[in-house]
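Just dropping this structure here.
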Amino acid sequence: MNKLLLVISIACMGVSCTSADELEYEQYLVNGEAIYKAECANCHGQKGEGLRNLYPALKGNGALENSDKVICSIKNGISADKAKSSQAMPPNAKLFDLDVAQLVTYLNKEFGSNKDKITDKQVKMALDNCRD
């Protein structure tokens, strides 16, 4: 019986070793994926594959390397010529800064190379500095 309690205690300690920051990052990814599926996947594809010349692929897209530009594009939209596609990306002004932070965190992890969590404060700063 004591051995069983010891095993259970050790297992529980392993689970509790996840830090608050790690849990928050995981929550950002879960929420970001839900936002992606609801707001982006219809055009960019469930796996970020895009649709030929209509909508650019996100998977492996170098544009994801600049989170500030991605943030501005999500909130303000992007013209077809700047998107290098035959369709413009409409603005998504209804998303809150936290929504955008979670979405960009997910996009970076899933389709890009930046694995950092984007905060709502970073989103606000990026939006304050958006340029055409």
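Select the helices (runs of 4 or more DSSP H) contained entirely in the stretch 58-124, then report the ones holding at least 1 residues which are in contact with a Phe, Trp or Tyr (Cβ under 9 Å, 6 or more places away or on another chain) and closer than 20 Å to GLY45 by Cα. Break it down into steps so the answer makes sense when it comes.
Values: elements: 67-76, 80-83, 97-111.
Per the criteria, 80-83, 97-111.
Oh, and also: Could you count how many residues in the stretch 16-57 are part of a loop (DSSP other than H, G, I, E, B), of a type in the set (A, V, I, L, M) and closer than 20 Å to ASN114 by Cβ?
1
Those residues that are closer than 15 Å to CYS130 by Cβ, touching a residue at least 12 places away in the same chain (Cβ under 8 Å) and of a type in the set (S, T, N, Q), I need them from the stretch 54-103; list them, please.
The answer is SER67, SER73, ASN76, ASN92.
Given the residues LEU103, LEU51, LEU95, which is the only one that is more than 23 Å from ASN31 (Cβ to Cβ) and touching a helix residue (DSSP H, G or I) at 6+ places or on another chain (Cβ under 9 Å)?
Of the residues listed, the single one that is more than 23 Å from ASN31 (Cβ to Cβ) and touching a helix residue (DSSP H, G or I) at 6+ places or on another chain (Cβ under 9 Å) is LEU51.
I'm checking my understanding of the structure. Among residues of the stretch 90-110 that are within 17 Å of LYS59 (Cα to Cα) and surrounded by 19 or more Cβ atoms within 10 Å (Cβ to Cβ), which one is farthest from the chain's Cα centre (by Cα)?
The residue in question is ASN108.
Each value in this text was obtained by applying a stated rule to the coordinates, not by laboratory testing. None of these values were measured; they are calculated from a predicted model. Backbone-built Cβ (ideal geometry, glycine too); neighbour counts: all protein chains shown.
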